[in-house]
Amino acid sequence: MGVAALAATLFVWSATLNSLVKRKIKLSLFLLLGYVALHVVFVVRPELGGAAVTDAASPIRPFERLALTAAVINLLVIGLINPLRSDRVRDRFPAIVQDAIVIGALIIVATFVFREQLLTTSAVGAVVVGFALQETLGNAFAGLSIQSERPFKVGHWIRVGDFEGRVAEITWRATRLRTKSGNFIVVPNNIIGKEAITNYSEPAVPTRLELEVGVSYAASPAAVKQALHEAMAQSRYVLTSPAPDALLVGFDASSMNYRARFWVDDFERDEEARDDVRVAIHYVFARRGIEIPYPIQVEYSRDWPAPDAATLAAERRRVIDGVDLFAALSDQQRGEVASATVAKTYGNGEAIVKQGEPGESMYVLCSGTVAVVLEPDKREVATIRPGGYFGEMSLLTGEPRSATVVARGEVVVLELTAEVFRHLGAGSPHAIEQVGVLAITRRAELDRARSSARAMAVAEAPASFLARMKRFLRLS
């Protein structure tokens, strides 16, 4: 039986291409060779064993059977679990798990083979072994759990407690990590079993990094985000997919804080990636005139350039002159309207007016684009570009907003309130009536473009509208 097992082991050892099988199968070879040699010696010289080897009561027979059993168990486990014709290890059965199966099976068999000898010593032996190998067994079971649950593999970059590095080896007792400085950290497996594990290589290889930068309050958020995207796009470490992004995360004492988030394919190079992005941010900000402010604790003086009032007034007058709704007003009246406007800036996605809300003002778009949206289905029905206007019906009659107007990108608008028109109407009510006629005519044209309204309904609208306008603006 031993010779047959030895022949089978030699056949598997010579036929397999798996390096792990070749290494593990050597144990079966040594055990079987020892078994056959010991059996031959005691058959030839029975007096060396103190009793006939073939006698079941001989003390040699249990050890022979144990050696044969261990060799056969090792051969079966290693040969059945591992692929013999390819050099790889099954993911579900790493080497440490295979060793555990062999040892567990051998302990069960040995319990029956040495049942008489174990009865008197099992209790005392268990206590002694338990205390002597408490830490070793804890590491061994933790290593077995790591190999079976697979929270990380060799080559993964992980953090365990205060330790961080790439997994170089997982053994029964400990796991070895290679740090960024090139050193090895040997972490006992029982410590890993108690700590939270962060695996930077799973579930996908790309890892997201973040860095924050403070920017002066004078800088537009849209311009800063665009600059951050340009800087991240220039870095050789930043992946294009998943795409990087930039967020405004806080208002500090001396700066608005932005967070640049980007992905890298190798966490080991995270410090180099952050450095590369920071350098790119510095140069992009310098080219675009975006200031990274000094800390608030540092006192410094700076002469802020005052805005040119004449230039701003001229720009407002130019915008108002281009609005066809004010064509009936005199040059002086348009100047009064322009001087009474208030410039306001809105960011992307902000609602300038909301459908159903009361209003007494209109808006003229200076820069950017806005979308007219109907609630509640958020249906976009029109787009307004620079020089366009909206909200004139609320300005002239005080009626609730008929639609929501949302900024598409950063926009600048001039707001004009009803109080200005009341003041103009007190001196020239006819001119304000002409503005009302133009407004209702424009509304009728838009209604005809959107639907097939009847001609009589359009003809009756001006008189009713002008009456409401006079009541709201208190025109005589």
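The values are calculated or read from the model by the stated rules, or taken from the named source; none is laboratory data. Computed from a predicted model, the values in this text were never measured in an experiment. Every residue, glycine as well, gets a Cβ built from its backbone with ideal geometry; the counts of neighbours run over all protein chains shown. With ligands, DNA and RNA removed, areas are computed over all heavy atoms of the protein, side chains included. Shrake-Rupley method; radii C 1.70, N 1.55, O 1.52, S 1.80 Å.
Under the Karplus relation 6.51 cos²θ - 1.76 cosθ + 1.60, θ = phi - 60°, what is the ordered set of whole-Hz ³J(HN,Hα) values for the range 416-421, x standing for Gly and Pro?
With the stated coefficients, the range 416-421 comes to 10, 9, 5, 4, 5, 6 Hz.
Leaving out ligands and nucleic acids, and using a 1.4 Å probe, what accessible area per residue does the range 203-333 come to in Å²?
For the range 203-333, the solvent-accessible area averages 61 Å² per residue.
What is the Cα coordinate range of the range 352-433 on the first, second and third principal axes, sorted by size from largest, in whole angstrom?
41, 26, 15
Please arrange Tyr283, Tyr237 by accessible surface area, largest first, computed with a 1.4 Å probe and ligands excluded.
Accessible-area ranking of Tyr283, Tyr237, largest first: Tyr283, Tyr237.
Can you give the translational diffusion coefficient of the range 255-332 in µm²/s, computed by Stokes-Einstein from the Kirkwood radius over Cα pairs at 25 °C and 0.890 mPa s?
Result for D is 135 µm²/s.
Might you report the magnitude of the Cβ-based charge dipole of the range 158-288 about its Cα centre, with Lys and Arg at +1 and Asp and Glu at -1, to the nearest 20 debye?
40 debye
Using amide H atoms built in the peptide plane, which far-off residues or other-chain residues are under 5 Å from Gly388 H to H?
Leu365
Given R₀ = 30 Å, FRET efficiency for Phe163-Glu271 by Cβ-Cβ distance, to 0.05?
The calculated FRET efficiency here is 0.95.
In nanometres, what is the gap between the two model label sites at Glu291 and Ala223, each 7 Å from Cα along Cα-to-Cβ?
Each label point lies 7 Å from its Cα, and together they span 1.2 nm.
Can you send over the carbon and sulfur percentage of the accessible area for the range 228-328, probe radius 1.4 Å, protein chains only?
Carbon and sulfur together cover 52 percent of it.
According to a simple spin-label model (label point 7 Å from Cα along Cα-to-Cβ), what is the distance in nm between Ala310 and Glu380?
Label-label distance for Glu380 and Ala310, simple model: 4.2 nm.
Send over a whole-number figure in Å² for the accessible area per residue of the range 342-431, probe 1.4 Å.
With all protein chains present, the range 342-431 gives 44 Å² per residue.
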